[in-house]
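To keep things clear, I will list the structure first and then write my remarks on it.
The values are calculated or read from the model by the stated rules, or taken from the named source; none is laboratory data. Nothing here was measured: the structure is a model prediction, and the numbers come from that model. Because the Cβ atoms are built from the backbone with ideal geometry, glycine has one as well, and the counts that use them run over all protein chains shown. Remember, those area values only see protein heavy atoms, side chains included, never the ligands or the DNA or RNA. Shrake-Rupley method; radii C 1.70, N 1.55, O 1.52, S 1.80 Å.
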Amino acid sequence: MSWSGIRTVMVLELRQRVRATRWKVMLGIWALVLVLVCLGLTSLLNPGDGYDYASEALYNFILCFVLGIGLIVAPTLSAMSVNGDRADATLALLQATMLRSREIAVGKLLAAWVAAVAFLAVALPFLLVLTLAGGASWLAFLGHVLVLVVTLGSVCGVGLGLSAMTARTSASAVLSYLVVVMLTIGTPLCALIASNSVTTTQTRVVYHIDYDKSNNSSRVCREKPEVDSREVVHGEWIWWMLAPNPYIILSDVSARAPLPKSEYRYGGKSFLEASGWGMDAMRTPEPREIVIRYCEESTKSESDRRSRDELQHLAFWPVSLLVLLGIGAGGVWTASRRLDVPVGQLPQGVRLA
């Protein structure tokens, strides 16, 4: 596999898109939409909330909005690249050259990836201005951009693989959107459904103060505690289901380490940061038994409770990005296998030229 072959396919794909007038119009409309969204949200924010709060809220919304539009646009850029060329009888011209199937697949992937990143490039000035205004730290900004780029590339790889597997462009587009829906909406639904199977009973033992035996200098507990039970969900067993979700990955990047205890009750400042610390709380193991002694100033249960309040952020987004890269690489590998020549037996409804 040579870079010259990959570049040839990528340049051919990009020239076809750049020459199209609709492509330039789409980028212009996208920039106009971002301007209108920023102006509209700025007018809705309450000036009394503070300048930093407004910048963070606007930054988080624009970031999630860009990711959502990218997940809509990226499948359309790659889900019709193979079966569309096959239907137009132009794919066989590439396969008849000295180009290898891997070079064709990677070239088409990079072309779709660059086209998808073009939408991100239009949104970068807005994110940069909001970052300068205090919407996010520079490390978080760089992490967010990396997550967006990798996510778009992974979705393009999935669309490319499905385009090579299916004969109709409509089928590959629908399947690509189903994968996107599974990553964004399906993962929380799977975790919610699985929560019923990881629910256990937690015992709560409470020692109340015996006021008859206590005085101002000392407090005495009652001999018989109150014992009750409740059902708790062990999120530490199922949190990994949410790890490939692009929005959860963004929230994990936004979470700061360590979070001040004064901010924990509010979950941080922004909703992405709050979601990131919510994931850390979900990963914290639930004890089987909680013992509370109101007659003692410092107990084991209270120290356990404080340790749960003062959570230490353990980032998992690098592993999540590797999972997304693996999913996209699987799509590219599938497309490469489907583009091999000579072809033994074509599926029904698929033609070579």
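Miscellaneous remarks
- Test for ALA123: is it crowded, with 19+ Cβ neighbours inside 10 Å and without any contact (Cβ under 8 Å) to a residue 60 or more places away in the chain: no
- Taking the stretch 283-301 as the range and being out of contact with any Lys or Arg (no Cβ under 8 Å at 6 or more places or on another chain), modelled with pLDDT under 80 and not in a loop (DSSP other than H, G, I, E, B) as the test, the residues that pass are ARG293, LYS300.
- Residue check for GLY153: among the small types (Gly, Ala, Ser), touching a Gly at 6+ places or on another chain (Cβ under 8 Å) and closer than 15 Å to PRO244 by Cα: yes
- Being open to solvent by 30 Å² or more (accessible area, probe 1.4 Å), hydrophobic (A, V, I, L, M, F, W, C) and within 30 Å of ALA54 (Cβ to Cβ) is a property that LEU132 has.
- The stretch 60-74 residues that are within 19 Å of TRP113 (Cα to Cα) and aromatic (Phe, Trp, Tyr), paired with ones that are open to solvent by 10 Å² or more (accessible area, probe 1.4 Å) and at pLDDT 95 or above (beta carbon under 7 Å, 6 or more apart): none
- Helices (runs of 4 or more DSSP H) completely within the stretch 125-240 that count 1 or more residues being aromatic (Phe, Trp, Tyr): 138-165, 169-181
- Count of residues meeting criterion [within 21 Å of SER170 (Cβ to Cβ), open to solvent by 40 Å² or more (accessible area, probe 1.4 Å) and not in a helix (DSSP H, G or I)] in the stretch 80-118: 4
- Odd one out for SER154 among (1) closer than 19 Å to VAL323 by Cβ; (2) touching a Cys at 6+ places or on another chain (Cβ under 8 Å): (2)
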